[in-house]
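Here's the structure, in structure tokens; my notes come after.
The values are calculated or read from the model by the stated rules, or taken from the named source; none is laboratory data. Keep in mind that this is a model prediction, so the values were computed, not measured. All Cβ positions, even for glycine, are placed from backbone atoms using ideal geometry, and neighbour counts span all protein chains on display.
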Amino acid sequence: MGDEAADLERPVWAIRLRAERTARGWSQGEAVRAMRAHAAEPLPADSTLLRNWKRWEAGGSEPDGFYKALIAKTFGNVTAAFFPPATTHEADAELLAGTGMETVEILARLRTSDVSTATLEALRITADRLCCEYPYMASDQLRVEGRAWLRRITALMDRRLTLAQHQEVLTLAGWVALLVGCVEYDMGLRRIAEGTRKAALTLGEEAGDAAIAGWAYEMRAWYALTQGDYRGVIAAAEAGEAVATNNGAAVQLAAQRAKAWARLRDRRQVETALDRGRALLESLPYPEDTDHHFVVDPAKFDFYAMDCYRIAGEDRLAEMYAREVIRSSTDPDGTERKPMRNAEARITLGVVAARSGDVERAVSYGRRALEGDRKSLPSLLMCSKELATLLRERYPHEPEAVSYLDEVRALTAS
């Protein structure tokens, strides 16, 4: 209780600093030496660094920009994941209100013969809103709304458009098609989702938008990963990275590559891919809206690392990252902003518990992961089967384990 009470008084970054260190089994002195090894320039004496480290872990002082970046590099992570800048999340209603246009007015403008700049701007905001609703809106509802707006956007192609407007419409259609393809795959509609993904890729290529094309390849990598085609993941990542070299899609492509290599049991390639993604993410500006599905927020790097370390059997690191994923994806009032991300984190905690011999806790985490209303069925099943396989191999006669296996089978059948 004393440690928990103390944690309430310490900044989140200070709590994480200690968690990262202890997950690796380092003393504070060893952490200082590791930090020195990652520094590109001379640092003060160990005694000075150790005093600083103690103050940082205690939350008594906050590292400056130089040391924030160095700490993140030492732990193989991204600065903004450790020390996120303050951001303001506006409600979806406020975003729409900021355009001065309600949905009815947008539709009225679409029916007029003139496609104004205001109309396109309102449609841009609508596309962004849909992408921000991905984490929590019911899949079938989001698919219906996304497809309806996709029809409205593509209907503009029949109007007289300037060259710039034509490109803008293709871009908007591309983003919404990407979203619809993701939701369709979440629902288990593989064939339909692949067709939508290919359409989004074509729209991105016609619009000359490398980000859309990059995300279309990322979706292909994701599809392949959840279907067990790990070489297909790597091939899709390579193709996508050739298109999207310096944006969020490239970061996530590196992450998908790392996940595939983890399942192919090549630890060196896992670290190489994670380091590539980390370096690229570190170079990008902090996103304006971390709720947008096609924005890679720095906290998501913890999610990538969690998956890889779980597969690699690095239980202390996997557990530490899983708890960080849940913390960063949950509001102080308990509302889960990223329920699908949290579900996979709970499965990771379940795997760690199963490996330590705690069947009851493992099954409890596994069941809670299955309870959420918003699911990505392929990803959830991929991770749930990992836990189910572990329970079946180690505890074939435990009633709780057998019951959980039945629940996973039922979800697979559905």
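Table for the structure above
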item: Hits in segment 236-266 (condition: surrounded by 15 or more Cβ atoms within 10 Å (Cβ to Cβ) and of a type in the set (Lys, Arg)); result: 257, 259, 263
item: Candidates 353, 345, filtered to the one that is farther than 21 Å from residue 393 by Cα and modelled with pLDDT of 95 or more; result: 345
item: Candidate set from segment 368-414 (those that are outside any helix (DSSP H, G or I) and touching a residue at least 40 places away in the same chain (Cβ under 8 Å)); member that is surrounded by the most Cβ atoms within 10 Å (Cβ to Cβ); result: 376
item: Sole exception among (1) modelled with pLDDT of 95 or more; (2) in a loop (DSSP other than H, G, I, E, B) for residue 332, by number; result: (1)
item: Segment 344-361, residues that are in a helix (DSSP H, G or I) and in contact (Cβ under 8 Å) with a residue 40 or more places away in the chain; result: 344, 345, 347, 348, 351, 352, 354, 355, 359, 360
item: Every pair of residues 6+ apart whose Cβ atoms lie under 9 Å, when the first sits in segment 55-68 and is assigned by TED's automatic domain parsing to the domain that holds residue 14 while the second is hydroxyl-bearing (Ser, Thr, Tyr); result: 55/61; 56/67; 65/79; 68/79
item: Breaking point among (1) more than 20 Å from the chain's Cα centre (by Cα); (2) β-branched (Val, Ile, Thr); (3) closer than 30 Å to residue 12 by Cβ, for residue 347; result: (1)
item: Only one of 151, 129, 124 that is within 21 Å of the chain's Cα centre (by Cα), at pLDDT 75 or above, in a helix (DSSP H, G or I) and basic (Lys, Arg); result: 129
item: Residues located in segment 177-220, provided they are free of Cβ contacts under 8 Å to residues at least 40 places away in the same chain and outside any helix (DSSP H, G or I); result: 189, 209
item: Selection from segment 20-64 of residues that are in a loop (DSSP other than H, G, I, E, B), farther than 27 Å from residue 318 by Cα and of a type in the set (Asp, Glu); result: 41, 64
item: Scan of segment 70-87 for residues that are modelled with pLDDT of 90 or more, among the hydrophobic types (A, V, I, L, M, F, W, C) and assigned to a helix (DSSP H, G or I), ordered by number; result: 70, 71, 72
item: Candidate set: segment 58-73, residues that are crowded, with 18+ Cβ neighbours inside 10 Å and more than 26 Å from the chain's Cα centre (by Cα); chosen: the one nearest to residue 15 (Cα to Cα); result: 59
